[in-house]
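A.B. asks: One structure, pasted below without further comment.
The values are calculated or read from the model by the stated rules, or taken from the named source; none is laboratory data. No experiment lies behind these values; they were computed from the predicted model shown. Cβ placement follows ideal geometry from the backbone for every residue including glycine, while neighbour counts extend to all protein chains displayed. We work out accessible area using only protein heavy atoms, side chains counted, and drop any ligands, DNA or RNA first. Shrake-Rupley method; radii C 1.70, N 1.55, O 1.52, S 1.80 Å.
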Amino acid sequence: MRATRAAGPGAPAPPQYGPDAAAVLDGLPPLVDHHCHGVVRHEPDPATFAAFLTEADRPPAAGTTHFDTQTGFAVRRWCPPLLDLPAHCPPERYLARRRELGPDETRRRLLSATGIGAYLVDTGLPGDLTGPDETAAAGGATGHEVVRLEALAERTATDHRGPGTADAAEAFLDALAHAVRAAAETAVAFKSVAAYRHGLALDPAPPGPDAVRPAARAWLAAGAPRLTDPVLLRHLVWLAVATGRPLQLHTGFGDPDLRLDHADPALLTDLVRATADTGTDLVLLHCYPYHRQAAYLAAVFPHVHADVGLTLTHVGPRATAVLAEFLELAPFGKLLFSTDAYGLPELYTVGSALFRTALGEVLGGWAASGAWSTADARRVAAMIATGNARRVYGLADDGPTEPVG
Ligand SMILES: [Zn+2]
């Protein structure tokens, strides 16, 4: 991706980054967005649009707006020029132009500017969202599916709800094991949202049949509501680990459905130890504000990786500081890029732009100071942007990568 982008008529975009960053980023291969979600197919009304800018699940406080946040400012910084408007234009003008273009053209323009070559889409969220292929097609890229374990269990349970007999529980558990194995044949990874459903302080041992059967029976008898039973959550984790597919785990901040202090990745330490010799990789998602804990786990456990997604979108120009903090302890082969975009194509644009800018500024700065060679900075940039994810998920190489020398 070039260091500067041609803006729409009369809408010069601000410079993206300086010469130190450009030395690292010029020629960067297409990004692999290893954790993201579909975008809404319809045109969101202004309140719905603004709601996608925040992790809050309620309207903003009276007299305030979700646009007055780092995410809101980042959308106004990066997206208007792609819709032929000046950067930083008011939200109302941006939303009016968006309506004029319609959702398909808006999505095409915003996604094709991300520099993303592969989208790994978590398909476990409800709503009228684009799927992996549809999302990727809008951006001229390839799509892959990541299967959310709890959603898979809840779907599987719909055929087994009822009085919760031992037979029904047994049939459900068989169907669930089959569903996880079948998903592993087509999906590139699994994802657990145990952080939301119970918290990460889970008993690390795989639960035995004597624990799993009564838990399944009780859950089915209750009508299989939202899965929060810690035994079944652990059972899902271990079913996924047994497939050998990488397992993504939500950690760190998210919507208020979770308790932040229960989502500290350090709480996973015992599970990390227990899975160390299984041959299955764990990928800690988001991590903020516990990204230094995640970096530590990635440093000392070969099968643990960490991700900067969502975080960079929410911290705006502070993305350089957060990325630098990740890179204090995280080995360079362990950090993965993602946007965690959800609902709005704008969040793909912003997530990739902030990542690229932060990556260039941090690594370019270290190269300019002489701490790193420029060749190493370029090589590490390509690893974090694409190479690490391609290795962890077993994705085919996307053309020639950056020369090392
Ligand atoms: Zn996500």
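A.B. asks: Rank W366, F337, Y348 by how far each Cα sits towards the positive end of the charge dipole of the range 332-379 (+1 on Lys, Arg Cβ; -1 on Asp, Glu Cβ) and give me just the farthest.
C.D. replies: W366
A.B. asks: Given labels modelled 7 Å from the Cα in the Cβ direction, how far is it in nm from A299 to A218?
C.D. replies: 4.0 nm
A.B. asks: Continuing with this model, one more query. When the Debye formula is applied to the Cα atoms of the range 110-188, each taken as the same point scatterer, what base-10 log of I(q)/I(0) results at q = 0.12, 0.13, 0.18, 0.25 Å⁻¹?
C.D. replies: -0.46, -0.52, -0.78, -1.11
A.B. asks: Suppose we keep just the alpha-carbon trace of the chain; what are its Rg and Dmax in angstrom?
C.D. replies: Over the chain's Cα set, Rg and Dmax evaluate to 21.4, 69 Å.
A.B. asks: Now for a separate question. How much space per residue, in cubic angstrom, does the convex hull of the C-alpha atoms of the range 312-363 take up? Can you show the working numbers first?
C.D. replies: On the way: hull volume 3.6 nm³, N = 52.
Dividing the Cα hull volume of the range 312-363 by its residues yields 69 Å³.
A.B. asks: Give the carbon-plus-sulfur fraction of the accessible surface of the chain in %, rounded to a whole number; probe 1.4 Å, heavy atoms of protein chains only. Walk me through the numbers on the way to the answer.
C.D. replies: Values: 8710 of 15920 Å².
Carbon and sulfur together cover 55 percent of it.
A.B. asks: Give me Rg/Rg_expected for the range 240-381, where Rg uses Cα atoms only and Rg_expected = 2.2 N^0.38 Å with N residues.
C.D. replies: Working: Rg = 15.3 Å, N = 142, 2.2 N^0.38 = 14.5 Å.
So the range 240-381 has a normalised radius of gyration of 1.06.
A.B. asks: Another question about this same structure. For the range 188-272, build the convex hull from the C-alpha positions and give me its volume per residue in Å³.
C.D. replies: Numbers: hull volume 8.5 nm³, N = 85.
Given the Cα convex hull of the range 188-272, per-residue volume reads 100 Å³.
A.B. asks: So in the chain, what percent of DSSP beta bridges are antiparallel if you round to the nearest 5? The partial results should precede the final answer.
C.D. replies: Details: 1 of 27 bridges.
So the antiparallel bridges amount to about 5 percent of the total.
A.B. asks: When the chain is fully extended, how far beyond the present Cα-Cα distance does S369 get from E92, taking 0.36 nm per residue of separation? Write down the numbers at each step before the final one.
C.D. replies: Numbers: separation 277, 0.36 × 277 = 99.72 nm, distance 4.26 nm.
That works out to 95.5 nm of additional length.
A.B. asks: Given N residues in the range 75-211, what is Rg(Cα) / (2.2 N^0.38 Å)?
C.D. replies: Normalised by 2.2 N^0.38 Å, the Cα Rg of the range 75-211 equals 1.47.
A.B. asks: Provide the per residue accessible area, probe 1.4 Å, for the chain, rounded to a whole number of square angstrom. Mind dumping the intermediate values first?
C.D. replies: Working: 15920 Å² over 405 residues.
Accessible area per residue, the chain: 39 Å².
A.B. asks: While we're on this one: State, to one decimal in nm², a quarter of the convex hull surface area for the C-alpha atoms of the range 134-252, i.e. the direction-averaged projected area.
C.D. replies: Details: hull surface 32.2 nm².
Quarter of the Cα hull surface area: 8.1 nm².
A.B. asks: Okay, moving on. Report ³J(HN,Hα) in whole Hz for each residue of the range 218-223, in order, from the Karplus equation J = 6.51 cos²θ - 1.76 cosθ + 1.60 where θ = phi - 60°; Gly and Pro get x.
C.D. replies: Couplings: 5, 5, 5, 5, 7, x Hz.
A.B. asks: Still on this structure: Would you give the gap between the C-alpha center of the range 119-173 and the C-alpha center of the range 177-223, rounded to a whole Å?
C.D. replies: When both Cα centres are located, 13 Å separates them.
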